[in-house]
Ligand SMILES: [Mn+2]
């Protein structure tokens with residue numbers, strides 16, 4: 001069984017499908033998706049439908065919450081137009097479009113229950129999988145700080161290596177150039193973290209515009225250029 005992780009698909013459904021095709025995902029594999037399926041890219045609904053289809057077909061897909069799904073859930077819950085507006089500006093408008101331009105509170109039950117079921121992290125063997133990272137800057141257990149798990153940036157300098165021990169943190173959320181992700185991968189045994197957000201939806205920004213797939217046990221990375 002191979003284990004793969006992908007993060008920050010951001011509505012790039014064609015790119016997502018091509019990446020799965022290229023790694024030859026099969027039903028014995030485990031696929032971890034680290035959140036931010038929606039917003040910014042052209043086909044957020046398509047990405048969620050791809051996930052549903054994979055599961056229906058018997059693939060093992062475990063999905064985590066990203067800050068963009070959290071914003072959607074908050075927009076649904078709060079009925080506060082200023083909040084909703086902020087989400088729409090941060091890529092939510094493309095998600096609403098992909099669902100047929102309906103007001104977001106018309107979102108079907110199937111999608112609502114998908115978004116509201118997403119956990120903040122998961123653990124598989126020595127891997128901690130999380131959307132953004134872990135907050136080591138307080139006296140609290142980093143695993144208890146859910147808000148940080150989906151929003152935090154620049155947290156590497158605070159890592160408590162005694163706490164982390166042999167575990168490796170796999171995350172997305174902060175887009176990085178492909179070369180930087182590869183350099184990080186070269187040091188992974190020593191540094192014990194890996195960002196896999198290659199900025200898929202930023203196709204016009206130099207160095208970005210790739211969807212990164214990591215095979216966890218071999219630490220191998222695969223990059224799919226944006227096709228959306
Ligand atoms: Mn994010």
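Bear in mind that the values in this text are calculations on the coordinates, not laboratory data. Given the structure is predicted, the values throughout are model-derived calculations rather than measurements. Note that each Cβ is placed from the backbone with ideal geometry, even for glycine, and that neighbours are counted across all protein chains shown.
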**Message:** What are the extents of the Cα atoms of the range 94-154 along their three principal axes, in Å, largest first?
**Reply:** 44, 25, 16
**Message:** Using only Cα atoms and rounding to the nearest 10 degrees, what angle (0 to 90) does helix 67-78 make with the longest principal axis of the chain?
**Reply:** 40 degrees
**Relative contact order (%) - criterion: Cα under 8 Å, at least six apart; region: the range 3-225** = 22 percent
**Prompt:** Taking the Cβ-Cβ separation of residue 160 and residue 81 as r and a Förster radius of 35 Å, what is the calculated FRET efficiency to the nearest 0.05?
**Reply:** 0.30
**Request:** Using 0.36 nm per residue of separation minus the Cα-Cα distance, give me the extension gain between residue 145 and residue 52 in nm, one decimal.
**Result:** 30.6 nm
**Item:** Label-reachable residues, the range 26-46, where backbone N falls under 19 Å from a point 7 Å from residue 93's Cα toward its Cβ
**Value:** 38-45
**Request:** Sort out for me the Cα centre separation of the range 73-130 from the range 155-183, rounded to whole Å.
**Result:** 25 Å
**Fill in**
For the range 1-46, averaging the sequence separation of alpha carbon pairs under 8 Å that lie six or more residues apart and dividing by its residue count, the contact order in percent is 59 percent
**Prompt:** Using a Gaussian network for the chain with springs between C-alpha atoms less than 10 Å apart, which of these wobbles most: 169, 48, 23?
**Reply:** 23
**Request:** Please determine, in degrees from 0 to 90 and to the nearest 10, the orientation of helix 44-56 with respect to the longest principal axis defined by the Cα atoms of the chain, where the helix direction is its Cα long axis.
**Result:** 70 degrees
**Prompt:** Out of 59, 202, 83, any idea which swings most in a Gaussian network model of the chain, alpha carbons joined below 10 Å?
**Reply:** 83
**Message:** Suppose R0 equals 22 Å. What FRET efficiency, 1/(1 + (r/R0)^6) with r the Cβ-Cβ distance, do residue 215 and residue 26 give to the nearest 0.05?
**Reply:** 0.95
**Item:** Rounded to 10°, Cα long-axis angle of helix 13-23 versus longest principal axis of the chain
**Value:** 40 degrees
**Complete:** One would report the Cα pair-distance distribution of the chain, bin width 10 Å, in %, as 8, 35, 37, 18, 2
**Asked** With the chain treated as a Gaussian network of Cα nodes joined by springs under 10 Å, which of 109, 50, 122 yields the largest mean-square fluctuation?
**Response** 109
